Amino acid sequence: MLERLTLTPSVSPKPPNPDAAKTNAQAWLYRLVVLMTVMTLFLMGVGSATRVMEAGLACPDWPLCYGELIPKQQMNLQVFLEWFHRLIATSMGLFAIGLTGLAWYWRAHVPKGWAVLSSFSLLLVIVQGLLGGLTVTELLRFEIVTAHLGTGLLFFCTLVVLTAWLTPYQGVGTAGWLKGWGLGAVFLVYCQSILGGLVSSQWALHQCLYGERLCEVMNSHLVGVVPASLASLVVGILAWRQAALHPLLRKLGQLIFLCLLLQIFLGSTTYNLKLAIPALTVAHQMVGAALLGTLVAFTTFVARDFTTTSLEKSAPFSPS
C-alpha cells in the first residue's frame, strides 16, 4: 500500500524592501540632525551668556578646566558657564562624527550631496573647536572670538540645510524665483551677525558710550540693521503675496516676520538699556540666529521646488 505523500511548497523569504530601508535611514538621520540643530542654537545661547557674564576665561586652561574634567573646588556661576559651554560643544563634536559616519554608511538612501554636506559640518566643528581653544589661549582676542561666532553660525546654517533637505516636502513649483531673494537675505543677515559679533567681542557699545572709542564699529552694526531688515522684510512680504505658495513656505514667511520684529525690539531695548540686562543680550543673539536659520530653511525649501530628485520624491518617510 502506497502512502500518499503531501508536498509542502517551500516559502522563500521576502526580499528586502529598498524603500523601507531608505525610509528608516532617512528617519534616523532626520532625528539626529534636528537634535543637533536645536542643541547648536542652545549652545550659541550658552556661549552668549558666557560672554555677557565675562566668563570666557573662567577656565584658564584648555581643553580641561583647572586641569580637571569637572572643576568641583573652583565651581561657581562663571566657571560653570564656561565649563558647560565646552561640555555641549564636545557633545556636538561627537554627534557630528556620528552624523557623518551614518550619512556615508547610508549614502545610497539620502539625497545626492547630503553626505558631503554632513562631512562639511564635521569640518566646521573641528575648526570651531580649534577656535574655541585659541579663544582661551589668546586671551579673548576679538578677531578670534568673532571668527568663533561666525563659524558657529555657519555650522548652524549647515545643519538647517541638512534638516530641510530631509524634511518631507513636495513643492508646488511656484516659488523657485524667490531663491535669489532668500539667498540675499541670508547673506545680509549673516554679515549683520558678524558685525554684532565684532561689537560684542570688543564691548564696542560701552566703549563708544563711555569712552568715545570704537564708535565706528558700533555704528556699522546700527547701519547694517537697515539692509538686513529690509531684505528679510521683502522675503516675508513676497511669501505672503505669492499665490499658490506651499503652506510650509507661508509659515516660514510668517516666522521670518516674527523673528525680525522681535529682533528689532530686543536690539533697540538692549541698546537703550546699555546692556544692563544680560538676558536681553542673550535673547538678542539667539533670536538673530533663529532669524538666520529660518531664512536658510525658507531658501532651501524654495530651491527644492525645482530641484527635487527622484530619490526624494519616492516613498517619503514620516519624521514622527
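The values are calculated or read from the model by the stated rules, or taken from the named source; none is laboratory data. Just so you know, these numbers come straight off a predicted model, no measurement behind them. FYI the Cβ positions are ideal-geometry reconstructions off the backbone, even for glycines, and counts take in every protein chain you see. To get the accessible areas, we keep the full protein, side chains included, count just its heavy atoms, and leave off ligands, DNA and RNA. Shrake-Rupley method; radii C 1.70, N 1.55, O 1.52, S 1.80 Å.
Using the structure shown, decide if residue 230 is modelled with pLDDT of 95 or more, open to solvent by 70 Å² or more (accessible area, probe 1.4 Å) and assigned to a helix (DSSP H, G or I).
Details: modelled with pLDDT of 95 or more: yes; open to solvent by 70 Å² or more (accessible area, probe 1.4 Å): yes; assigned to a helix (DSSP H, G or I): yes.
Yes; evaluated as a whole, the condition is true for this residue.
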(message) Could you check segment 270-299 and list, in sequence order, the residues that are at pLDDT below 95, open to solvent by less than 50 Å² (accessible area, probe 1.4 Å) and hydroxyl-bearing (Ser, Thr, Tyr)?
(response) 270, 281
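Only one residue in 188, 195, 233 is in contact with a Pro (Cβ under 7 Å, 6 or more places away or on another chain) and within 30 Å of residue 249 (Cβ to Cβ). Which one?
Details: 195 fails: in contact with a Pro (Cβ under 7 Å, 6 or more places away or on another chain); 233 fails: in contact with a Pro (Cβ under 7 Å, 6 or more places away or on another chain).
188 is the lone residue from the list that is in contact with a Pro (Cβ under 7 Å, 6 or more places away or on another chain) and within 30 Å of residue 249 (Cβ to Cβ).
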(message) Can you tell me which residue is nearest to residue 131 (Cα to Cα) among those in segment 81-106 that are without any contact (Cβ under 8 Å) to a residue 12 or more places away in the chain and hydrophobic (A, V, I, L, M, F, W, C)?
(response) 87
(message) If I filter segment 208-226 for residues that are among the aromatic types (Phe, Trp, Tyr), under 20 Å from residue 268 (Cβ atoms) and in a loop (DSSP other than H, G, I, E, B), do I get at least one hit?
(response) no
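Which residue, of 103, 108, is under 30 Å from residue 29 (Cα atoms), in a helix (DSSP H, G or I) and open to solvent by 50 Å² or more (accessible area, probe 1.4 Å)?
On the way: 103 fails: open to solvent by 50 Å² or more (accessible area, probe 1.4 Å).
108 is the lone residue from the list that is under 30 Å from residue 29 (Cα atoms), in a helix (DSSP H, G or I) and open to solvent by 50 Å² or more (accessible area, probe 1.4 Å).
Confirm whether residue 84 is touching a Ser or Thr at 6+ places or on another chain (Cβ under 7 Å) and open to solvent by 50 Å² or more (accessible area, probe 1.4 Å).
Numbers: touching a Ser or Thr at 6+ places or on another chain (Cβ under 7 Å): no; open to solvent by 50 Å² or more (accessible area, probe 1.4 Å): yes.
The answer is no for residue 84.
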(message) Return the residues of segment 242-259 that are surrounded by fewer than 20 Cβ atoms within 10 Å (Cβ to Cβ) and part of a helix (DSSP H, G or I); say none if nothing qualifies.
(response) 247, 248, 250, 251, 254, 255, 257, 258
(message) Which numbered condition in (1) open to solvent by less than 30 Å² (accessible area, probe 1.4 Å); (2) at pLDDT below 95; (3) under 30 Å from residue 93 (Cα atoms) is the only one that residue 152 fails?
(response) (2)
(request) Take segment 214-236 and flag every residue that is without any contact (Cβ under 8 Å) to a residue 40 or more places away in the chain, closer than 16 Å to residue 291 by Cβ and in contact with a helix residue (DSSP H, G or I) (Cβ under 8 Å, 6 or more places away or on another chain). (result) 221, 224, 227, 229, 233, 236
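With the requirement that a residue be without any contact (Cβ under 8 Å) to a residue 12 or more places away in the chain and under 12 Å from residue 297 (Cβ atoms), what does segment 239-263 give you?
Quick first cut of segment 239-263, residues without any contact (Cβ under 8 Å) to a residue 12 or more places away in the chain only: 241, 247, 250-251, 258, 261.
Hit for segment 239-263 is 251, nothing else.
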